[in-house]
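J.: Below is a structure I'd like to ask you about.
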Amino acid sequence: MSISLKFPDGAERSYDDGVTPLAIAEGISKSLAKKVVAAKLDGAWWDLTRPLEGGGKFELVTRDSPDGLEILRHDAAHVMAQAVQELFPGTQVTFGPVTEDGFYYDFARNEPFSTDDFDKIEKRMREIVDADLPIVRKVWQKEAAIAHFKSLGEIYKAETIDEVIKPGEPITVYSHGDKWGDLCRGPHLPSTGRLGKAFKLMKLAGAYWRGDQNNQQLQRIYGTAWADEKQLADYLHRLEEAEKRDHRKLGRQMDLFHMQEEGRGMVFWHEKGLTLWRTIEAYMRRRLEKAGYVEVRTPQVLDRVFWEKSGHWEKYRENMFVCETVEGEMLSMKPMNCPGHVQIFKFGQKSYRDLPLRMAEFGACHRYEPSGSLHGLMRVRAFTQDDAHIFCREDQIVDETKTFIELASSIHADFGLERERIDLGTRPAKRAGTEEFWDKAEDQMLAAARAAGVEPVIAPGDGAFYAPKLDFQLKDAIGRTWTCGTIQLDYVLPDRLDAEYVGEDGAKHRPVMLHRAILGSLERFIGVLIENYAGAFPMWLSPVQVVVATITSDADGYAHEVAENLRKAGLRVDVDLRNEKVGYKVREHSLAKVPVIAVVGRKEAEDKSVALRRLGGEAQTVMSLDAARAALVEEATPPDLKR
């Protein structure tokens with residue numbers, strides 16, 4: 001008896017019933033058999049040594065693919081857990097999932113782990129890899145699995161099985177030979193030897209059983225794993241670079257902002273930081289005005305009744321900052337701007353001729369985030385969005401989305417951020433609307449992306465609950481990917497808040513609402529920019545563009561003259577007259593990431609010249625003050641004003 005398998009390239013091949021994916025890979029090529037880590041049959045994961053149960057769509061997954069990396073990291077987590085339990089008897093394992101760049105395992109142990117333990121854990125992990133233990137998949141019944149883990153003293157595993165697994169539902173356990181095993185859905189490699197040694201333990205953290213702080217505290221060990229040693233080395237290098245570029249450290253060093261305990265998730269913007277903010281905001285205003293947006297402003301605090309109508313009170317209440325007044329009003333600070341924009345749209349009658357209406361707001365929002373999830377500018381509780389909503393007819397969706405993609409792409413390029421891809425988030429498991437609606441909405445967003453010359457990457461299930469969305473994924477200077485910019489299609493909120501326009505037929509119709517942002521929140525975007533440029537912003541963004549530094553006090557008067565001359569030309573200039581050596585001044589301003597230092601002494605004062613020194617450079621360029629001013633003004637002109 002044979003089965004038919006359809007491969008991703010469209011080829012169909014017949015195999016004996018019960019063939020394993022590994023045998024199929026070996027039949028194609030020996031090199032493929034070495035690289036493959038698992039398979040998929042009709043979308044279901046399959047171990048390489050597990051006989052196939054019927055035919056269908058078939059795919060071999062290699063170790064250097066995103067799916068393959070997940071499997072390697074899952075196996076690395078199991079190998080780490082085995083090493084820990086062998087080295088520290090009495091330790092219990094709980095959960096060990098894969099993360100974006102690696103894996104972790106939560107352990108229950110009375111004595112604390114230390115990062116000093118990492119070397120011996122890694123050494124034992126390498127020994128387990130060298131042992132090339134067969135990884136065996138076993139299917140057990142619930143009662144047998146509970147009894148097994150209780151006999152090993154693994155009370156957390158037994159509890160999980162008892163509470164999560166339904167009676168009669170089979171359970172899979174993966175074991176490393178007869179040495180170690182754990183409850184797991186799989187898939188896994190055929191043996192520990194195929195994992196390789198491109199792994200490293202990274203850090204320790206505390207955790208709670210099932211994420212509940214009322215439960216027992218556990219110890220979490222994080223690690224990373226990659227397809228080969230080069231990928232691991234590249235990743236560790238990126239981490240070193242990321243640490244140097246940490247926006248929290250640079251924010252203090254450059255005197256941009258700070259945060260403190262009394263205002264968790266809130267930013268104290270200093271003068272230089274606010275200058276950067278205002279520069280970005282002014283640029284965005286120019287781009288939006290040119291693109292046909294009108295700017296509005298909506299209230300910070302609104303009554304509970306308003307949020308009940310919009311649906312946020314029911315769906316989002318736990319993330320809202322709520323207060324009750326002495327008059328008994330229940331109010332909330334707005335977590336988002338969209339319901340307020342609908343109110344402005346509803347004010348006065350709108351006609352089909354008024355559409356599309358593009359409504360923008362630099363909207364200050366507040367959302368409660370758990371304190372443990374806050375992270376500098378990247379995750380805050382108070383933030384300002386470059387928010388806008390496009391109210392349009394259904395036949396305008398594709399054109400408006402295409403136009404937005406082109407605008408956002410141009411803006412991201414002006415900020416020096418490379419677009420890696422655009423993701424199309426499709427229907428999630430929990431969603432509003434019919435299948436026919438989702439088919440149509442997804443087709444509309446796909447058509448719009450293609451009209452803009454973009455083939456989006458499908459992100460299954462990543463859409464909003466009310467409609468699909470397009471997310472912009474940008475790559476920074478060290479290869480990290482950031483989500484900056486989105487456009488989301490919404491038929492639900494205009495209906496819920498009773499927004500209408502008079503159509504060409506004289507009847508009333510619901511507008512379609514496109515939620516869109518280009519930067520996201522200004523706080524987070526500034527954090528991304530700081531890390532992308534390591535604080536060394538291009539001239540037009542730099543809070544201080546030029547520092548005029550004196551060599552001797554004889555040049556103090558001329559230094560003020562130079563500074564005033566440059567300021568009148570629109571440059572942001574500081575003066576450093578301190579009685580310090582010029583080398584010391586250069587080093588200090590270089591740490592502050594000032595792009596240009598104009599050095600002046602007695603000779604420059606006599607010649608009406610300046611010696612320009614660039615950030616990161618050793619050489620000085622001496623030029624007349626007039627020539628320097630012209631060159632610096634050209635360099636400091638924002639990109640949109642140069643076009």
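The values are calculated or read from the model by the stated rules, or taken from the named source; none is laboratory data. Everything numeric here is computed off the predicted structure, so don't read it as measured data. Neighbour counts are summed over all protein chains in view; Cβ atoms, including those assigned to glycine, are modelled from backbone coordinates with ideal geometry. These accessible areas exclude ligands, DNA and RNA; they are computed on the full protein's heavy atoms, side chains included. Shrake-Rupley method; radii C 1.70, N 1.55, O 1.52, S 1.80 Å.
J.: Using only the Cα atoms of segment 61-130, what semi-axes does the equivalent ellipsoid have when each is the square root of 5 times a gyration tensor eigenvalue? Give whole Å, largest first.
T.: The answer is 23, 13, 10 Å, longest axis first.
J.: Could I ask something else about it? How large is the accessible surface of residue 552 in square angstrom, using a 1.4 angstrom probe and rounding to the nearest 10?
T.: Solvent-accessible area, nearest 10 Å²: 60 Å².
J.: For segment 547-643, with equal point scatterers placed on the C-alpha atoms only and solvent neglected, what are the log10 I(q)/I(0) values from the Debye formula at q = 0.11, 0.16, 0.18, 0.23 1/Å, to two decimals?
T.: Debye intensities relative to I(0), on a log10 scale: -0.29, -0.61, -0.78, -1.26.
J.: Roughly speaking, what is the stretch gain from residue 238 to residue 556, that is 0.36 nm per residue apart minus the C-alpha to C-alpha distance, in nm to one decimal?
T.: 110.1 nm is the gain from fully extending residue 238 to residue 556.
J.: Can you give the alpha-carbon Rg of segment 208-330 over 2.2 N^0.38 Å, where N counts its residues?
T.: Taking the Cα Rg and dividing by 2.2 N^0.38 Å, one obtains 1.65.
J.: So how far, in whole Å, is the C-alpha centre of segment 150-221 from the one of segment 567-643?
T.: 60 Å
J.: Same structure again: Given a Förster distance of 22 Å, report the FRET efficiency between residue 260 and residue 213 from their Cβ-Cβ distance, rounded to the nearest 0.05.
T.: 0.40
J.: Let me ask something else about it. Ordering 4, 14 from largest to smallest accessible area (1.4 angstrom probe), what's the sequence?
T.: 14, 4
J.: Ranked from the most accessible area to the least, with a 1.4 Å probe and all protein chains present, what is the order of 7, 345?
T.: Correct descending sequence by accessible area is 7, 345.
J.: Sticking with this one: At residue 274 and residue 443, where each label point lies 7 Å from the Cα along Cα→Cβ, what is the point-to-point distance in nanometres?
T.: Between residue 274 and residue 443, the simple spin-label model gives 5.3 nm.
J.: Quick check for you: which residues of segment 67-107 have the amide N under 14 Å from the point 7 Å beyond the Cα of residue 179 toward its beta carbon?
T.: Correct set: 76-88.
J.: Continuing with the same structure: In whole Å, largest first, what are the principal axis extents of the Cα atoms in segment 329-422?
T.: 48, 47, 18
J.: If you don't mind, there's one more thing I want to ask. Test of understanding: what is the full-extension gain from residue 172 to residue 410, defined as 0.36 nm times their sequence separation minus their Cα-Cα distance?
T.: Net length gain for the segment: 80.6 nm.
J.: For 63, 419, 353, write out the residues from largest to smallest accessible area, computed with a 1.4 angstrom probe and no ligands counted.
T.: Largest accessible area first, the list is 353, 419, 63.
J.: Could you work out the Rg to Rh ratio of segment 82-164, with Rh taken as the Kirkwood radius (inverse of the mean 1/r over all Cα pairs)?
T.: 0.99
J.: If each residue of separation counts as 0.36 nm, what is the full-extension length gain between residue 143 and residue 353 once their alpha-carbon separation is subtracted?
T.: Net length gain for the segment: 68.8 nm.
J.: Using the alpha carbons of segment 452-566, what is the convex hull volume per residue in cubic angstrom, as a whole number?
T.: 234 Å³
J.: Rg and Dmax of segment 128-283 over Cα atoms: what are they, in angstrom?
T.: Computed over the Cα atoms of segment 128-283, radius of gyration and Dmax are 23.7, 67 Å.
J.: Which value in nm describes the separation of the simple spin-label points at residue 603 and residue 627, placed 7 Å from the Cα toward the beta carbon?
T.: 1.5 nm
J.: Right, another one. Based on the Cβ-Cβ distance of residue 203 and residue 587, what FRET efficiency does E = 1/(1 + (r/R0)^6) give at R0 = 35 Å, to the nearest 0.05?
T.: Using R0 = 35 Å, I get an efficiency of 0.60.
J.: State the percentage of accessible surface on the chain attributable to carbon and sulfur atoms; use a 1.4 Å probe and exclude ligands, DNA and RNA.
T.: 49 percent
J.: Separate question: Determine the per residue accessible area of the chain with all protein chains present and a 1.4 angstrom probe, expressed in square angstrom.
T.: Ligands and nucleic acids excluded, the result is 48 Å² per residue.
J.: Only Cα pairs under 8 Å and at least 6 apart count here; give the relative contact order of the chain as a rounded whole percent.
T.: This gives 9 percent for the chain.
J.: Next question. When the Kirkwood radius is taken over all Cα pairs of segment 346-479, what Stokes-Einstein diffusion coefficient follows at 20 °C and 1.002 mPa s, in µm²/s?
T.: 125 µm²/s
J.: Principal axis lengths of the chain from Cα atoms, whole Å, largest first?
T.: Computed over the Cα atoms, the extents are 91, 74, 61 Å.
J.: Rg (Å, one decimal) plus Dmax (Å, integer) for the alpha carbons of segment 106-217?
T.: Using the Cα atoms of segment 106-217, the pair Rg, Dmax is 15.9, 44 Å.
J.: Something else now. Which ³J(HN,Hα) values, rounded to whole Hz and listed in residue order, are derived for segment 302-311 from phi using the Karplus coefficients 6.51, -1.76 and 1.60 in 6.51 cos²θ - 1.76 cosθ + 1.60 with θ = phi - 60°, glycine and proline given as x?
T.: Rounded to whole hertz, the list is 9, 5, 3, 4, 4, 6, 5, 5, 6, x.
J.: Under a cut-off of 16 Å between alpha-carbon atoms, report the lysines in cross-link reach of residue 123, not counting same-chain residues fewer than 8 places apart.
T.: Within the straight-line cut-off, residue 123 pairs with 197, 200.
J.: Separate question: Based on the mean of other beta carbon atoms within 10 Å per residue, what is the order of 491-497, 577-583, 87-93, most packed first?
T.: The most tightly packed comes first, giving 491-497, 87-93, 577-583.
J.: Related question: May I ask for the Rg/Rh ratio of segment 1-77, computed from Cα atoms with Rh as the Kirkwood radius, given to two decimals?
T.: Over the Cα atoms of segment 1-77, Rg/Rh equals 0.96.
J.: Taking every pair of Cα atoms in segment 10-153, average 1/r, invert it to obtain the Kirkwood radius, and report Rg/Rh to two decimals.
T.: Looking at segment 10-153, the ratio lands at 1.03.
J.: Sticking with the crude label model, points 7 Å out along Cα→Cβ, report the distance from residue 637 to residue 110 in nm, one decimal please.
T.: That separation, rounded to one decimal, is 7.5 nm.
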